[in-house]
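Visitor: I have a structure I would like to understand better, so I am pasting it below and will then ask my questions one at a time.
No value in this document is a laboratory result; all are computed from the given coordinates. Worth saying up front: this structure is predicted, and the values here are computed from it rather than measured. A quick note on method: Cβ atoms are made from the backbone with ideal geometry, for glycine too, and the neighbour counts reach across all protein chains shown.
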Amino acid sequence: MRHSTESQCRSYRRRGEDISQETRVRFRFMFKCDDDMFVNIPALLDVIRSKDLHGAIMGPYNDGSRVYRKGKWALQPTEYPFHYFPPYESGSGYLISADLLAPLRNASDFVPYIFVDDVYVTGILGRVIGARHVTRPGFAYWTNRAPSACDIVNGGVLTGTRVTAERQRQIWNQLVGPVDCPSPSPPINGTPS
């Protein structure tokens, strides 16, 4: 597990370096998501167009999360001596303003690495460079159930987790046809309890 997330973080650092040195490509955001996500691109674009996201990170926001000392995500006190993480966005899917990529990359040269990449990038490095955390309902937390086509049509989902490749095809096939959905229910992607 650690090898995989360490590779992801190194890959992120290389992408950030490559992107920050690229002058011909103009973009405003980088979106990172896991491979088991369904991304509601039209709804995400509406959010991007309606909010000031300069200098911001937006995704499933976590504040006051305890550091695990046992299990899959365990960090030893020698790796991370604090009891709580700084506010961060969960790695299932988050958006980073392009103006933060070079500062994040530069800060990573000086900040000790931890293998929990979402905490490292959006929380620790984000704090070092003064990134803003913008909250918005609709981003999936790892505790959320997989979305249905109706959850997406009704606008409650920006990102949905636990979506296999087969389920992604099923949702897409439902979305390209007429979808008969009941009136919207409360969003499935809220802060975990």
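Visitor: Determine, from the Cβ-Cβ distance of Arg26 and Tyr84 and an R0 of 41 Å, the FRET efficiency 1/(1 + (r/R0)^6), rounded to the nearest 0.05.
Guide: Numbers: r = 38 Å, r/R0 = 0.92.
It comes out at approximately 0.60.
Visitor: Test of understanding: what is the full-extension gain from Val111 to Ser50, defined as 0.36 nm times their sequence separation minus their Cα-Cα distance?
Guide: Working: separation 61, 0.36 × 61 = 21.96 nm, distance 3.32 nm.
Fully extending the segment from Val111 to Ser50 adds 18.6 nm.
Visitor: Arrange the following residues from fewest to most other Cβ atoms within 10 Å of their Cβ: Phe139, Phe115, Phe85, Phe29. Intermediate results must be reported in sequence, preceding the final value.
Guide: Values: Phe139 30, Phe115 20, Phe85 23, Phe29 16.
By the 10 Å Cβ count, ascending, the order reads Phe29, Phe115, Phe85, Phe139.
Visitor: So how much slack lies between Trp172 and Tyr68, counting 0.36 nm per residue of separation and subtracting their Cα-Cα distance, in nm? Let's see the in-between values first.
Guide: Details: separation 104, 0.36 × 104 = 37.44 nm, distance 3.66 nm.
Taking Trp172 through Tyr68 to full extension adds about 33.8 nm, to one decimal.
Visitor: Right, another one. Taking the Cβ-Cβ separation of Thr164 and Trp142 as r and a Förster radius of 22 Å, what is the calculated FRET efficiency to the nearest 0.05? Please list the in-between numbers first.
Guide: Working: r = 15 Å, r/R0 = 0.69.
Plugging the Cβ-Cβ distance into 1/(1 + (r/R0)^6) gives 0.90.
Visitor: Fewest Cβ neighbours within 10 Å first, please rank Tyr88, Tyr68 accordingly.
Guide: Working: Tyr88 26, Tyr68 13.
So the residues, fewest neighbours to most, are Tyr68, Tyr88.
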